[in-house]
Amino acid sequence: MSNLLEGKTALVLGVANKWSLAYSIADAFRREGARVLLTYQGERQQATVEALGAELGAARVLACDVTQDQELERLVETLRAEDDRLDAVVHSIAFANKEDLTRPFVETSRSGFLLAHEVSAYSLVSVARATAPLMAGGGSIITLTYLGATRVITNYNVMGVAKAALESAMRYLAGELGATGIRVNAISAGPIKTASARAIKEFSSVLDFVAQRAPLRRNTEPAEVADAAVFLASDLGRGVTGNILFVDAGFQIVGL
Ligand code: NAD
C-alpha cells in the first residue's frame, strides 16, 4: 500500500487469535510498513500468539497480563534494554465474567464490577503510564470501545459501564499526554464476531439487527477497524486526540 507507518514501531496488546481485532490491526500496521511488537496474556496464549507473531513478522512477542503490574514493568524494561522506541500503542483488551454478560445488570457483583473495570478500563491508564516514556518523540495510543458505553445494549451490562470509564480515561490521558506530543483516541467498533463478543448472550441477534438498521445496511469488517487504527497511528491523524472514531457502518446515528 502506501507505507503510512514506515519507520514506526507499534506495540499491539490484545491478540488472542486470528479473529482478534488486535490481529487485524497488527496485520494492517505491518502492511503499512510498521515494525510490530505483540503481547500475550499468560502462558496459555503464548504458543498461539508466538505463531501469529511469526506469521505477521512481529519483531517481538512479550508477556503482558495487565492485572500483573510486574509484567508491564518487565515489558517496558525489555523494550528499554533493547533501545526500542514506540510510536504507537494499541490497547485492545477487555474482560468481564460471563455471568455478568448474561444475568440482569442489577445483579452484577462487586468483584465482577471491579474485575471488568480493572482489565477493561484501568489497564489503559497503566499501559499509557508505562509506555509514554518510550514515546519521547510523541506517539499515538489507541483503545477499542463500543456504543454500549453510552447506550443501553441488552446483555452488554457491566462491560458498558467499563467502556464508559475507558472513554473518560482516554479523554483525561489525551488532556495530559498531549503536552508531550502523545495523542490518545478510541475506535468505537460495530459488533464483530470475536472470542470476547461470543461471551455476550444472544450476540448473533445483535449482528442481525445492526445489519438491517445500520446506514450501510451491513456489519463492520475487522479490516475497517484496522484501517481506522492505521489512520490514528499515522501522521495523517496528527491533529486528532481525545476523540472517539466510530467504525460501525453508521449504526451510532440511528434512532427510530
Ligand atoms: P478478543 O477476545 O480477541 O480480544 C480481547 C483481548 O483481551 C484478548 O487478547 C485477551 O487476551 C485480552 N485480555 C483479557 N484480559 C486480559 C488481561 N488481564 N491482560 C492482558 N490481556 C487481556 O476480542 P476483541 O473483540 O478483539 O476485543 C478487543 C477489544 O475490542 C476489546 O476492548 C473489545 O471490548 C473491543 N470491541 C470489540 C467489539 C466486537 O464486537 N468484537 C466491538 C467494539 C469493541
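The values are calculated or read from the model by the stated rules, or taken from the named source; none is laboratory data. Keep in mind that what you see is a predicted model, and the values were worked out from it rather than measured. Every residue, glycine as well, gets a Cβ built from its backbone with ideal geometry; the counts of neighbours run over all protein chains shown. Surface areas here come from the heavy atoms of the whole protein model, side chains and all, with no ligands, DNA or RNA. Shrake-Rupley method; radii C 1.70, N 1.55, O 1.52, S 1.80 Å.
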Fill in the blank from the handout: Reported set for the stretch 22-33 where residues are over 17 Å from C64 (Cα atoms) and either open to solvent by less than 10 Å² (accessible area, probe 1.4 Å) or within 6 Å of the ligand (Cβ to nearest atom) (or both) is I25, A28, F29, E32
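Look at the stretch 174-189 and say how many of its residues are aliphatic (A, V, I, L, M), open to solvent by 20 Å² or more (accessible area, probe 1.4 Å) and touching a residue at least 12 places away in the same chain (Cβ under 8 Å).
Total meeting the criteria: 1.
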Problem - Test for L79: is it open to solvent by less than 50 Å² (accessible area, probe 1.4 Å), touching a strand residue (DSSP E or B) at 6+ places or on another chain (Cβ under 7 Å) and among the aliphatic types (A, V, I, L, M) - result: no
Handout entry: Residue that is farthest from the ligand (Cβ to nearest atom), among those in the stretch 6-21 that are on the phi < 0 side of the Ramachandran plot, assigned to a loop (DSSP other than H, G, I, E, B) and open to solvent by less than 30 Å² (accessible area, probe 1.4 Å)
Key = V15
Problem - Residue list for the stretch 106-150, restricted to those being over 11 Å from A94 (Cα atoms), open to solvent by 10 Å² or more (accessible area, probe 1.4 Å) and of a type in the set (V, I, T) - result: V106, T108, V125, T150
Practice task
Take R44 and decide whether it is open to solvent by 30 Å² or more (accessible area, probe 1.4 Å), within 10 Å of the ligand (Cβ to nearest atom) and outside any loop (DSSP other than H, G, I, E, B).
Solution key: yes
Handout entry: Cβ pairs under 6 Å, 6+ apart, first in the stretch 195-219 and closer than 11 Å to Y156 by Cα and in contact (Cβ under 8 Å) with a residue 24 or more places away in the chain, second open to solvent by 90 Å² or more (accessible area, probe 1.4 Å) and more than 9 Å from the ligand (Cβ to nearest atom)
Key = A199/K98
Practice task
Could you check, for the stretch 129-142, whether at least one of its residues is within 12 Å of the ligand (Cβ to nearest atom) and at pLDDT 95 or above?
Solution key: yes
Fill in the blank from the handout: Out of (1) farther than 24 Å from A189 by Cα; (2) near the ligand (Cβ under 10 Å from one of its atoms); (3) without any contact (Cβ under 8 Å) to a residue 24 or more places away in the chain; (4) under 17 Å from the mean Cα position of the chain (by Cα), the one Q68 does not meet is (4)
Handout entry: The lone exception for R171 - which of (1) out of contact with any helix residue (DSSP H, G or I) (no Cβ under 7 Å at 6 or more places or on another chain); (2) under 26 Å from V254 (Cα atoms); (3) within 14 Å of the ligand (Cβ to nearest atom) it fails
Key = (3)
Completion exercise
Filter the stretch 188-209 for residues that are of a type outside the set (A, V, I, L, M, F, W, C) and near the ligand (Cβ under 8 Å from one of its atoms); the one that is nearest to A164 (Cα to Cα) is S188
Practice task
Give me the pairs, please: first residue somewhere in the stretch 73-102 and touching a residue at least 60 places away in the same chain (Cβ under 8 Å) and assigned to a strand (DSSP E or B), second residue anywhere and among the hydroxyl-bearing types (S, T, Y) and more than 11 Å from the ligand (Cβ to nearest atom), beta-carbon distance under 7 Å, and either six or more positions apart or on two chains.
Solution key: A88/S140; V89/T131
